[in-house]
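J.: Have a look at this one.
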Amino acid sequence: MRNLKFKEFREQLKSSSRFFLGSNKVMQVSLGRSVADEAKPGIHKLSKCLRGDAGLFFTNLEKEEVQRLFEKFEEHDFARTGCIATEKVELKEGPLEQFSHEMEPFIRKQGLPVRLNKGAIELVSDFVVCEEGQPLSPESARTLRLLGIKMATFRLHLVCRWNPDDFEVYREGLDLSDVESS
């Protein structure tokens with residue numbers, strides 16, 4: 001998770017809301033995993049949705065306002081190792097003027113065919129940093145960061161909503177057989 005981006009979003013909602021992140025199993029136990037041990041009527045359904053990178057969001061805001069805030073929130077950031085490249089990035093042969101001569105050893109370690117030419121870093125041949133649709137290697141991710149190319153988008157998705165009156169699922173593709181049968 002992009003901690004800094006999430007922190008900014010949390011700060012924006014601090015006056016009316018709280019986020020709880022932690023062990024999914026601990027949160028499930030605290031909410032209740034079945035009708036028999038649930039803290040409030042129907043809240044055990046919420047615990048069934050706590051899988052993977054998930055958390056709890058408590059708020060006094062209206063349902064529509066929460067949906068609008070989550071849909072609107074989107075931050076672009078540098079891609080990390082293993083992320084899928086959104087575009088092909090190719091560097092053409094010639095000088096890399098954005099880098100100082102001191103960076104030449106580091107750039108060479110990233111796999112770029114470079115040399116120093118009169119104190120300037122020069123790309124000896126065309127070089128493909130990444131291909132669209134392919135996962136990024138550690139070297140590709142570092143090179144994209146050096147070039148200032150942001151390929152990742154940080155978003156938060158609402159999975160479900162519970163209040164004392166009803167339970168609503170937002171995300172398609174969740175296996176809800178457990179939720180309805182419990």
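J.: In deg cm²/dmol and to the nearest 500, what is the mean residue ellipticity at 222 nm of the chain if only DSSP H runs of at least 4 residues count, each as -39500 (n - 2.57), divided by the residue total? Don't skip to the end; give the middle numbers.
T.: Details: 7 runs with 53 residues, N = 182.
Mean residue ellipticity at 222 nm (helix-derived): -7500 deg cm²/dmol.
J.: Of the heavy-atom accessible surface of segment 80-181 (probe 1.4 angstrom), what whole percent is carbon and sulfur?
T.: Its accessible area is 47 percent carbon and sulfur atoms.
J.: Run through segment 92-144 and list the GluC sites (Glu not before Pro) located in a DSSP loop whose Cβ has at most 12 other Cβ atoms within 10 Å.
T.: Values: sites: Glu93, Glu97, Glu102, Glu122, Glu131, Glu132, Glu139; in loops: Glu93, Glu97, Glu131, Glu132.
Of the GluC sites (Glu not before Pro), the ones in loops of segment 92-144 whose Cβ has at most 12 other Cβ atoms within 10 Å are Glu93, Glu97, Glu132.
J.: For segment 23-182, compute Rh as the Kirkwood radius over C-alpha pairs and then the Stokes-Einstein diffusion coefficient at 25 °C and 0.890 mPa s; write the answer in µm²/s, rounded to an integer.
T.: Details: Rh = 19.6 Å.
D, rounded to a whole number, is 125 µm²/s.
J.: Probe 1.4 Å, all protein chains in place: accessible area of His101 in Å², nearest 10?
T.: Only protein atoms counted, so the area is about 100 Å².
J.: While we're on this one: Once each part is reduced to its C-alpha centroid, what is the distance from segment 119-136 to segment 150-164 in angstrom?
T.: Taking the Cα centre of each part, segment 119-136 and segment 150-164 sit 34 Å apart.
J.: Rounded to the nearest percent, how much of the accessible area of segment 17-58 (1.4 Å probe, protein heavy atoms only) is carbon and sulfur?
T.: Numbers: 1450 of 2490 Å².
Roughly 58 percent of what the probe reaches on segment 17-58 is carbon or sulfur.
J.: Also, I was wondering about something else. Tell me the GluC sites (Glu not before Pro) within segment 31-74 that lie in a loop according to DSSP and have at most 14 other beta-carbon atoms within 10 Å.
T.: Numbers: sites: Glu38, Glu62, Glu64, Glu65, Glu71, Glu74; in loops: Glu38, Glu62, Glu74.
Answer by residue number: Glu62, Glu74.
J.: If you roll a 1.4 Å probe over the heavy atoms of the protein chains, what accessible area per residue do you get for the chain, in Å²?
T.: Working: 11650 Å² over 182 residues.
Accessible area per residue, the chain: 64 Å².
J.: Using the alpha-carbon centroid of each, what span in Å lies between segment 11-37 and segment 42-107?
T.: So the separation of the two Cα centres works out to 23 Å.
J.: Hey, what angle do you get for helix 138-147 against the long axis of the chain, alpha-carbon based, 0 to 90 degrees rounded to 10?
T.: Approximately 70 degrees, to the nearest 10.
J.: State whether segment 82-154 is rounded, prolate or oblate according to the following rule on the C-alpha gyration tensor (a ≥ b ≥ c being the square roots of its eigenvalues): a/c under 1.5 gives rounded; otherwise a/b larger than b/c gives prolate, and the remaining case gives oblate. Mind dumping the intermediate values first?
T.: Values: a/c = 2.31, a/b = 1.96, b/c = 1.18.
Prolate is the answer for segment 82-154, as a/c is 1.5 or above and a/b outweighs b/c.
J.: Ok, one more. Measure nothing fancy, just the Cα-based angle from helix 63-72's long axis to the longest principal axis of the chain, in degrees from 0 to 90, nearest 10.
T.: Taking the Cα atoms of the chain, the angle to 63-72 is about 10 degrees.
J.: Under a plain spin-label model, where a point goes 7 Å from the Cα along Cα-to-Cβ, how far apart in nm are Lys150 and Phe99?
T.: Placing both labels 7 Å beyond Cα along the Cβ direction yields 2.3 nm.
J.: Here is a follow-up. Taking 0.36 nm per intervening residue step and subtracting the Cα-Cα distance, what contour gain separates Thr86 from Val159 on full extension?
T.: On the way: separation 73, 0.36 × 73 = 26.28 nm, distance 2.51 nm.
Full-extension gain reported as 23.8 nm.
J.: Per-residue accessible area for Thr81 at 1.4 Å probe radius, Å² rounded to 10?
T.: 80 Å²
The values are calculated or read from the model by the stated rules, or taken from the named source; none is laboratory data. Note that this is a predicted model, so its numbers are computed, not measured. Neighbour counts are summed over all protein chains in view; Cβ atoms, including those assigned to glycine, are modelled from backbone coordinates with ideal geometry. These accessible areas exclude ligands, DNA and RNA; they are computed on the full protein's heavy atoms, side chains included. Shrake-Rupley method; radii C 1.70, N 1.55, O 1.52, S 1.80 Å.
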